Amino acid sequence: MSDEKSKVTDKASEIAKNIWLAGVGAYGKALEEAQGRLEKAMEPPKLFRDLVKVGTALEEEAREGTLAARHSVEERISRVRENFHNQRPARIEDLMALHKKVDLLTRKVERLSKALQEQAVAKYTGSKTRNAAGKSVVPAAAVRGQPGKKKAKAVRAKSKKTTGGKPATRKSKA
């Protein structure tokens, strides 16, 4: 039995020694890797140098591109200036035709704005009359300075008092 105990003890001490040696080996390997990384960190890394080269090349390309773009823009501006100076002067016939068109458009806009104003007053007052074509229109007197509802009642009441109950007539401006 003592022989068996000694075998077990020998086996246990061998396992313990192997575990110890594995730990020492792991420590040694970690130390070597750390020293290798430290040495790489002390010298400029290759990746950094490569990035600096690429950045320098890109910066040079950007400068050349900017100069080319600037030249292109200046060239376009000079062409526009030349075209502007080479334009033929406006002829009197062209100007007269433009004036006629502007006058025509002005009259149309005035008619439209008057019609819109009459519609708004008619909607506001509710008073409508018919023109020769049978369309509803607002009397011209209603368009001129139409007072608000309360003020309109006061104006009508006042006109009845001054005219003896008859509707007041306005003198037309000729």
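See the values below:
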item: Förster radius 35 Å - calculated FRET efficiency between Thr9 and Glu39 (Cβ-Cβ, nearest 0.05); result: 0.20
item: Fully extended contour minus Cα-Cα distance, from Ala26 to His71, at 0.36 nm per residue; result: 9.6 nm
item: Fully extended contour minus Cα-Cα distance, from Thr106 to Ala16, at 0.36 nm per residue; result: 21.4 nm
item: Ile19, Ile92 arranged by Cβ crowding within 10 Å, fewest neighbours leading; result: Ile92, Ile19
item: The stretch 2-86: C-alpha pair distances exceeding 15 Å, %; result: 80
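Values quoted throughout were computed directly from the atomic coordinates according to the rules given, and no laboratory measurement underlies them. All values reported here derive from a predicted model rather than from experimental measurement. FYI the Cβ positions are ideal-geometry reconstructions off the backbone, even for glycines, and counts take in every protein chain you see.
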